[in-house]
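Written below as structure tokens is the structure these notes are about.
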Amino acid sequence: MMQKQGALDVGKIREDFPILKRKLDGGKTLVYLDNAATTQKPLSVINAIHDYYMNYNSNIHRAVHQLAEEATLAFEKTREKVAKFINARSVEEIVFTRNATEAINLVAYSWGRSNVGRDDKIVISEIEHHSNIVPWQILAGEKGAKLEYIGVDDDGYLKMKEYGTHLDSNKVKLVSVSHMSNVLGTIIPVEEIIRMSHERGIPVLVDAAQSVPHMQVDVQKMDCDFMAFSAHKMLGPTGVGILYVKKEILEKMPPFMGGGDMIKEVHKYETRYNDLPYRFEGGTPNIADVIGFSAAIEYLEDIGMDRVRDHEIELTKYAIDRITGVKGVTLYGPRNMTDRGGVVSFNIGDIHPHDLATIMNDHGVAIRSGHHCAQVLMERLDVAATSRASFYIYNTKEEIDTFIGALEEARRLFKI
Amino acid sequence: MMQKQGALDVGKIREDFPILKRKLDGGKTLVYLDNAATTQKPLSVINAIHDYYMNYNSNIHRAVHQLAEEATLAFEKTREKVAKFINARSVEEIVFTRNATEAINLVAYSWGRSNVGRDDKIVISEIEHHSNIVPWQILAGEKGAKLEYIGVDDDGYLKMKEYGTHLDSNKVKLVSVSHMSNVLGTIIPVEEIIRMSHERGIPVLVDAAQSVPHMQVDVQKMDCDFMAFSAHKMLGPTGVGILYVKKEILEKMPPFMGGGDMIKEVHKYETRYNDLPYRFEGGTPNIADVIGFSAAIEYLEDIGMDRVRDHEIELTKYAIDRITGVKGVTLYGPRNMTDRGGVVSFNIGDIHPHDLATIMNDHGVAIRSGHHCAQVLMERLDVAATSRASFYIYNTKEEIDTFIGALEEARRLFKI
Amino acid sequence: MSDDIYREIILDHYRNPRNKGKLPDADVSIHDSNPLCGDEIDMHLKVDGSTIKDIKFEGRGCAISQASASMLTEMVLGKPLTSVKDLSKNDILENIGLTSLGPARIKCALLSLKVLKLGMVKYYADRDPDSAKKLQDDSKGL
Amino acid sequence: MSDDIYREIILDHYRNPRNKGKLPDADVSIHDSNPLCGDEIDMHLKVDGSTIKDIKFEGRGCAISQASASMLTEMVLGKPLTSVKDLSKNDILENIGLTSLGPARIKCALLSLKVLKLGMVKYYADRDPDSAKKLQDDSKGL
Ligand SMILES: Cc1ncc(COP(=O)(O)O)c(C=O)c1O
Ligand SMILES: Cc1ncc(COP(=O)(O)O)c(C=O)c1O
């Protein structure tokens, strides 16, 4: 990826996102700060999907007519782009799923069921999204294995000492951690985690749903064994997840979903499975959206992931500076900008986050409130819920000002 | 559904499918006869997706801002439409998956793993698509269960006597059959199959990937226990499958994919799962495409499924009449129009179907060639592959004439 | 708009909930949560003959869900238990003065009613299964 | 266009394949199929020293895949086994006179080469694992 210079031209970027001009019911213009949940899509992505359906919609892989060839080429081109984007060794290491959740479940079902047994351990952390907890609970329950949690300290960092202690057991079969917390914004030192793990021969899954969209991620440098993320959190369409698996591991994994496309030969009582990565893609894929995802990757590459990251650091710093000036605010997560992404979680007085989100909505500001699919972390923080503003390439400081204004209004209403 | 009168206004319908005006590389206009693989999409579907991304793209269920509310409403409205379209008792019985394949796999993993044990039997048929074979092979392999096949007779009908014999074993735990063959076009007497099965207390899964798009299907009348189909085969977007399960069965099924949205409360070592149907929808759904699918159902409802069926019968009859006039053609499947759908599979002389498809493509005609993900049936027919033309609401007799013309040209090239 | 929602009375019930706490000798206790936002409500009922003799709730969540629960306990205390069956969405929304909530927030307002109806069903299910069945169908769609 | 593809020579090799059949005393046999269309090719090789002394193929599939296999056997019979390594896509496509195939049909034309290369690797893997490894990387992307 070429290194781009200078700050983003956010004004120009915003032109590519027509939804940002949307007027909401109260007449206010949308201020979209819910990017950790899903991002908006640039015209190039919307148009790529449109173009597919208008001009070359067809099922893929199995036909020789021209539409099928065009669709197959475009579909497989996305796989190449994804491989290059995260620097995978080969397209065989890239499996398309429905979302990051399905990617993790695929590993739990396929790899997990053949590699985890009674009394074995799976190590995850207290910051995990439910998608990186529940599949392992299900697996552990089925196999009689155990789940262990790396703790989080009061500043929102993983307790790395604790991690070392967990690894001392020779029963650990897998470590599965988020690269970035979707609540605290903490960027987890995955390279260190992986190094320590690999020293003991334990593979690591990285839930990169919040990192790949926001910073440069290089799977070879990181050396993770599995990685999962979702297209819809990085300008892409809904319905596309990506699972990266090191080829030598993927080769040995039994199939997950049986069906069309994942087979080479089907006989009545036995089947020869297809080559990688198709073996793991049963049935008609989400063709249109995978193709649309190409345009999203191109868009991010054109900007340059380092500049995406710089822009988010700038916004986050500004947001934290301003929000700490608001009376009654409790802020969660690290204060050091280099250790965190563009996610700001907080509470204010006794205002419940849902009430705050309703008030924000009156001002056009879309933030998320609730447990953010991270109830284990909520228990750890001893809160029922938090409010969360999260940023992306099209957000501005002016939007953060609007957000702060709405926060002050909430204080007034609740007399805090 | 209201009963519509008279023949389809195909000219008007074609206006809604801009792709049908597409000129292919050789300069010929597209004649799309690959509808059993995937159908084209009307403008209303394409525009619904476009509108979603342009105006109210948001993650759903878990936020209170306006975009999230709008997206959630539109998403859940689709579920209501689907429930009504197949006459399910309640929206709780409708689970969204990636495709029909994933829907069947969900049953194999969740229901199958808790209900099928060593030496139990699963009965399927020789006409099944790989999606309704491989998941059961995997399950059987894992559990030490057995797969049994209902045979197909030379006219393309299921051997119903054989079926009765299979059911005599009290080891049968599930029957899983296609409602319509994607190769032979045979419409299977699923109501009889279900009645016989239920007499012995055995549940039935119906693979309706080829029937729900083409005829009126009523799950209550049919009384199936599970049904699977794909949106992309019925004017809808890629990336959306539908699993219908009777509520009393679904209630008892363990979850499949663990993650966000499918939980009520997550604690470190245990989880309370969400209500139906959300328990089976882990992670961010394919929001845009589920919403787009609404428009597809509306389009079909506006036409009326009985008229869809009538139009296809007319085209199929015409195609079969014409194709039997071509020297060297072998036709597969029933000849009685009331027993078959709009799928015509054939071979001609020693021309391999892929070569035929290439020649067809020169004439703009998109047909499918190969094993159609039904290799067990290919073995039964003792052919490596067939050619297949399949029809939908926008196809015309003129297009069938073009197809026949191309077939004659193939004969000439191959000197048959 | 928010000014109409977060009125004095809502904030008062939120901060000073009525009938909040445990009820050690409850005849029926029931819990439910709103999976979309995590609001939680427990309802405890003491029933005398067929009258709600005492009612307490526990819970955590937004001002709307908690104020609504608080107001609901006031509304039904001393009433016949079966009268819960007749309480509609609109009764609740009018009672708390929030008739224009969006679909997400409406769930917050109605959670306590849902729990109360479940409690009523459970009470009869333990004592009079047949009538419980009839009552059950009624609490759908909250 | 089809007229350029289905020329006399292709149809001839399709209908009268050269070197088709079994090879009972083969030194190496290998099978592969094209998952996209189901074409199948088996290659059987008899190697003398390092020379392809005899070669036979079995297969079923389209005219392109079968004619291509037939022509390929003629092309390599009597050649050094290692020369298979140097055969490129284009060599094959030019040999059969089909240089403008689309991406789907190109797989048909190249299946036999893929199988032959796998056979060469397998032959050496059984005898000289190190050089087999080097040869292997080469057959990628067919
Ligand atoms: C850290 C993390 N992991 C996993 C997910 C799950 O992503 P998806 O819902 O797209 O499967 C999310 C987002 O919701 C997330 O933030
Ligand atoms: C009968 C039948 N079942 C299942 C499928 C699988 O559908 P999908 O690929 O959308 O999962 C198909 C279509 O390919 C089919 O024709």
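Just so you know, all these numbers are worked out from the coordinates, no wet-lab data involved. Since the model is a prediction, treat every value here as computed from it, not as a measurement. Don't worry about glycine lacking a Cβ; one is built from the backbone with ideal geometry, like all the others, and counts go over all protein chains shown.
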Packing-based exposure ordering (other Cβ within 10 Å, fewest first) of B:MET234, A:MET196: A:MET196, B:MET234
Tell me the distances, shortest first, between B:ARG89 and the same position across the other copies, using label points 7 Å along Cα→Cβ, in nm to one decimal. 5.3
Long-range amide H partners of B:HIS61 with built H, under 5 Å: B:THR72
Between segment C:100-133 and segment C:14-54, how many Å separate their Cα centres? 11
Karplus couplings for segment B:367-373 from phi (6.51 cos²θ - 1.76 cosθ + 1.60, θ = phi - 60°), rounded to Hz, Gly and Pro as x? 10, 9, 9, x, 8, 6, 6
Just rank A:ASP223, B:ASP34, fewest to most, by other beta-carbon atoms within 10 angstrom. A:ASP223, B:ASP34
Need one word for segment A:39-90: rounded, prolate or oblate. Basis is the Cα gyration tensor (sqrt eigenvalues a ≥ b ≥ c); a/c below 1.5 gives rounded, then a/b vs b/c decides. oblate
Percentage of interatomic Cα-Cα distances in the protein assembly as shown larger than 42 Å: 44
Quick one: what are the phi-derived ³J(HN,Hα) couplings along segment A:84-89, Karplus 6.51/-1.76/1.60 with θ = phi - 60°, whole Hz, x for glycine and proline? 5, 4, 9, 6, 5, 5
Simple Cβ-charge dipole of the protein assembly as shown, Lys/Arg +1 and Asp/Glu -1, about Cα centre, in debye nearest 20: 540
Give, as a single signed number, the net charge of other residues whose beta carbon lies under 14 Å from the beta carbon of A:VAL326, with Lys and Arg counted +1 and Asp and Glu -1. 0
Any residue on another chain or 5+ positions along whose placed amide H is under 5 Å from the amide H of B:ILE263 is listed here as B:ASN274
Which value in deg cm²/dmol, rounded to the nearest 500, describes the helix-derived mean residue ellipticity at 222 nm for chain A, given -39,500 (n - 2.57) per DSSP H run of n ≥ 4 and division by the residue count? -10500 deg cm²/dmol
At q = 0.21, 0.24 Å⁻¹, what log₁₀ I(q)/I(0) does segment C:57-112 have when each alpha carbon counts as one equal point scatterer in the Debye sum? -0.76, -0.97
Karplus couplings for segment A:98-108 from phi (6.51 cos²θ - 1.76 cosθ + 1.60, θ = phi - 60°), rounded to Hz, Gly and Pro as x? 7, 6, 4, 4, 5, 4, 5, 4, 4, 5, 4
Which trypsin sites (Lys or Arg not before Pro) does segment B:378-416 hold that lie in a coil by DSSP with at most 14 other beta carbons within 10 Å? B:LYS415
Two-decimal Rg to Rh for chain B - Kirkwood Rh, Cα set: 0.98
From the label point of A:LYS252, set 7 Å from Cα along Cα→Cβ, how far away are the matching label points in the other copies, in nm, ordered shortest to longest? 3.9
Using alpha-carbon pairs under 8 Å, 6+ residues apart, how would you state the relative contact order of segment D:2-140 in percent? 25
Using only the Cα atoms of segment B:153-298, build the gyration tensor, take square roots of its eigenvalues as a ≥ b ≥ c, and label the shape rounded, prolate or oblate: rounded if a/c is under 1.5, else prolate if a/b is larger than b/c, else oblate. oblate
Show me the three semi-axes of the equivalent ellipsoid for chain C, from the C-alpha gyration tensor (sqrt of 5 times each eigenvalue), largest first, rounded to whole Å. 24, 16, 13
Pairs of lysines 8 or more apart, or on different chains, with alpha carbons under 13 Å: count those in segment C:1-117, would you? 11
If I take every Cα pair under 8 Å that is 6 or more residues apart in chain A, average their sequence separation and divide by the length, what percent do I get for the relative contact order? 23
For chain C, set up a GNM with springs between Cα atoms under 10 Å and report which of C:LEU81, C:LEU45, C:LEU36 has the largest fluctuation. C:LEU36
Skipping prolines and chain starts, which residues have an amide H placed within reach, meaning under 5 Å, of the one on A:ILE150, given they are 5 or more residues away or on another chain? A:ILE124, A:SER125, A:GLU126
Local charge sum around D:LYS53 (other residues, Cβ-Cβ under 14 Å, Lys/Arg +1, Asp/Glu -1)? -1
Magnitude of the Cβ-charge dipole of chain C, K/R +1 and D/E -1, about the Cα centre, nearest 20 debye? 140
Please report how far the C-alpha centroid of segment B:95-130 lies from that of segment A:223-241, rounded to the nearest whole angstrom. 27
Kindly provide log₁₀ I(q)/I(0) values, in the same order as q = 0.09 Å⁻¹, from the Debye equation applied to equal alpha-carbon scatterers of segment A:293-416. -0.27
What relative contact order, as a whole-number percentage, does segment A:236-392 give when Cα pairs under 8 Å and 6 or more residues apart are counted? 17
Sum of -39500 (n - 2.57) over DSSP H runs of 4+, divided by residues of chain D (222 nm, nearest 500): -15500 deg cm²/dmol
For segment B:10-72 and segment B:158-195, compute the distance between their C-alpha centroids and round to whole Å. 35
Can you sort D:SER2, B:SER178, C:SER70, C:SER88 so the residue with the fewest Cβ neighbours within 10 Å comes first? C:SER88, D:SER2, C:SER70, B:SER178
